[in-house]
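**Student:** Here's a structure for you.
The values are calculated or read from the model by the stated rules, or taken from the named source; none is laboratory data. Note that the coordinates shown come from a computational prediction; the quantities given were computed from them, not determined experimentally. Cβ coordinates were reconstructed from backbone atoms using ideal geometry, including for glycine residues, and neighbour counts include every protein chain displayed. Heavy atoms of the whole protein, side chains included, go into the accessibility calculation; ligands, DNA and RNA do not. Shrake-Rupley method; radii C 1.70, N 1.55, O 1.52, S 1.80 Å.
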Amino acid sequence: MVWALLACFLIAGCGSNSGVVATVNGKEITQKEYDQRNNIIKAGYQLQQGVTLDEKKDADTLKKIRDMAYNDLVVQKLLDEEAAKKGIKVTDKEVEENINYLKTSRNQSESDGYDKFLKQMGITQKELPAILKEELIYSKMNEKITADIVVADQDVKDYYDQNQQMFEQQAGIEIYHILVKEEAAAKEVLNKLKDGGDWNKLAVEYSIDEASKNQGGDIGVVNEGSELVEEFKTAALKLKPGEITQAPVKSQYGYHIIKAGENKAASITPFEQVKDSIKSQLETDKKDQAFSKYIDGLKKKAEIKDLRDKK
């Protein structure tokens, strides 16, 4: 399944061919549906990998994508059938709310981002609701089937004890930043800091780094091994505790004002700090496994006819 991919892109390609490529318990999968799902996965793959697939050179990859599209549609038909049996429905209001969320998030990151996104992925606004409806059915079925799955506290502690290397923190220095698009804005922030401005308030007001701005621009402990753009890392590691860069640091993301916190020795993150995130991840893994098993069970009981070779 590539439902994680679908959740990320929320789109589908377009197809116009007629005919049937498969049946699932008597329900048809049309050539158009197959082409649409194939396009969605292909487009997503090309965007994520930054490549354009070639029909000859990438024949194996394209075949895998077609098989993934077929499997997705089989699962979709099975889940639609089971959802109807269980009385699980998706309302027009739920679909509209998801469309509005997609519009808002895309337009916040880029001017006319929503329209550009749909155009880039080859889908019309009229086609989008049906795609989102299937996503919501999948999500609701997942929640229904895995609702009773929990992870015991002892399992969380055992995981922590058995995977200590995952929680090792290398030595380094705490680093914070305020990121802005224009150099003029960066200089404005620096001037306010020199006049006694509050770093945390300025981070909230100016920084375009949504992941860190509300935490004072905190990006964690930085050292030579940190995976950061080189110009940023070089400037950050030159700072001593408490220092702030005297001039904006330019990177591909914009202009940074960087502040150093305390030097940190190598350590292991205490269990109390990570137990909630461990439990959440273990529950997610356990639910994914359970839902995959449920889908496998549906497939085994279903009458599925793959007609693609006959097309």
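**Student:** Run the accessible area of segment 211-311 with a 1.4 Å probe and give the carbon-and-sulfur part as a rounded percent.
**Tutor:** 47 percent
**Student:** Classify segment 168-311 from the C-alpha gyration tensor, please: rounded if a/c falls under 1.5, else prolate or oblate depending on whether a/b exceeds b/c.
**Tutor:** prolate
**Student:** Can I ask one more? Here are some pairs, Lys56/Lys77; Lys201/Lys238; Lys63/Lys144; which of them have Cα atoms lying more than 27 Å apart in this structure?
**Tutor:** Lys56/Lys77; Lys63/Lys144, as the Cα separations exceed 27 Å there.
**Student:** Fully extended, how many nm does the chain gain between Glu168 and Lys286 (0.36 nm per residue separation, minus their Cα-Cα distance)?
**Tutor:** 40.0 nm is the gain from fully extending Glu168 to Lys286.
**Student:** Relative contact order for the chain: what is it in percent, counting Cα pairs under 8 Å that are at least 6 residues apart?
**Tutor:** Once normalised by length, the contact order is 21 percent.
**Student:** Between Tyr101 and Ser226, with labels modelled 7 Å along Cα→Cβ, what's the label distance in nm to one decimal, could you check?
**Tutor:** According to this spin-label approximation, the distance is 3.2 nm.
**Student:** Cut-off 19 Å, label point 7 angstrom out along Cα-to-Cβ of Lys181: give me the residues of segment 252-266 whose amide nitrogen falls inside.
**Tutor:** Only 252-257 pass the distance filter.
**Student:** Over the chain, with the other protein chains present, what is the accessible area per residue in square angstrom, probe 1.4 angstrom?
**Tutor:** Accessible surface, normalised per residue, equals 60 Å².
**Student:** If I build a Gaussian network model for the chain, linking alpha-carbon pairs within less than 10 angstrom, which residue out of Leu79, Leu193, Leu102 has the largest mean-square fluctuation?
**Tutor:** Residue with maximal mean-square fluctuation among Leu79, Leu193, Leu102: Leu193.
**Student:** So, one more: Shape of segment 65-195 from its Cα gyration tensor (a ≥ b ≥ c, root eigenvalues): rounded if a/c is under 1.5, otherwise prolate when a/b > b/c, or oblate?
**Tutor:** Judged from the Cα gyration tensor, segment 65-195 comes out oblate (a/c at least 1.5, b/c at or above a/b).
**Student:** Rounded, prolate or oblate: which one fits segment 252-311, using the alpha carbon gyration tensor with axes a ≥ b ≥ c (rounded when a/c is under 1.5, else prolate when a/b beats b/c, else oblate)?
**Tutor:** oblate
**Student:** Measuring from label point to label point, each 7 Å out along Cα→Cβ, what is the Lys64 to Gln108 span in nm?
**Tutor:** Taking the simple label geometry, Lys64 and Gln108 are separated by 3.4 nm.
**Student:** Note down the relative contact order for segment 154-302 as a percent, whole number, built from C-alpha pairs under 8 angstrom at least six residues apart.
**Tutor:** Relative CO of segment 154-302 lands at 33 percent.
**Student:** Turning to a different aspect of this structure: Work out the FRET efficiency for Asn191 and Glu127 from their Cβ-Cβ distance, taking R0 = 51 Å, and round it to the nearest 0.05.
**Tutor:** 0.50
**Student:** Out of the trypsin sites (Lys or Arg not before Pro) in segment 116-200, which ones are loop residues according to DSSP with at most 15 other C-beta atoms within 10 Å?
**Tutor:** Lys126, Lys181
**Student:** Once the piece of chain linking Glu205 and Lys250 is laid out straight, how much longer is it, given 0.36 nm per residue of separation minus the C-alpha distance between them?
**Tutor:** 14.3 nm
**Student:** Hey, another quick one. Magnitude of the Cβ-charge dipole of the chain, K/R +1 and D/E -1, about the Cα centre, nearest 20 debye?
**Tutor:** Once rounded to the nearest 20, the dipole reads 1020 debye.
**Student:** Next up: Could you give the length gained by full extension between Ala302 and Ser139, i.e. 0.36 nm per residue of separation minus their alpha carbon distance, to one decimal place?
**Tutor:** 56.6 nm
**Student:** I want to make sure I understand the PRE zone here: with the label point 7 angstrom from the Cα of Val20 toward its beta carbon, which residues in segment 266-306 have backbone N atoms less than 13 Å away?
**Tutor:** Correct set: 304-306.
**Student:** Check cross-link reach from Lys213 to the aspartates and glutamates: straight Cα distance under 16 Å, and skip same-chain residues fewer than eight apart.
**Tutor:** Partners found: Glu174, Asp198, Glu205.
**Student:** For a quick check of your reading of the filter: which chymotrypsin sites (Phe, Trp or Tyr not before Pro) in segment 80-163 sit in a DSSP loop and have no more than 10 other Cβ atoms within 10 Å?
**Tutor:** none
**Student:** How big is the dipole moment of segment 179-268 about its Cα centre under a simple scheme where the beta carbon of each Lys and Arg is +1, that of each Asp and Glu is -1, and everything else is neutral? Debye, nearest 20, please.
**Tutor:** Taking the Cα centre of segment 179-268 as origin, the dipole is about 220 debye.
**Student:** Report the FRET efficiency, 1/(1 + (r/R0)^6), for Lys56 and Asp155, where r is their Cβ-Cβ distance and R0 is 41 Å, rounded to 0.05.
**Tutor:** Efficiency computed from Cβ-Cβ geometry: 0.25.
**Student:** Between Lys119 and Lys293, what is the spin-label point distance in nm, taking each point 7 Å from the Cα along the Cα→C-beta axis?
**Tutor:** 4.9 nm
**Student:** A follow-up question, please. How high is the relative contact order of segment 214-262, in percent, counting Cα pairs under 8 Å that sit 6 or more residues apart?
**Tutor:** 31 percent
**Student:** I would also like to ask the following. In square nanometres, what is one fourth of the surface area of the convex hull spanned by the alpha carbons of the chain?
**Tutor:** Mean shadow area of the hull around the Cα atoms is 21.0 nm².
**Student:** If r is the Cβ-Cβ distance from Asp198 to Thr269 and R0 is 35 Å, what FRET efficiency results, to the nearest 0.05?
**Tutor:** Efficiency at R0 = 35 Å is approximately 0.75.
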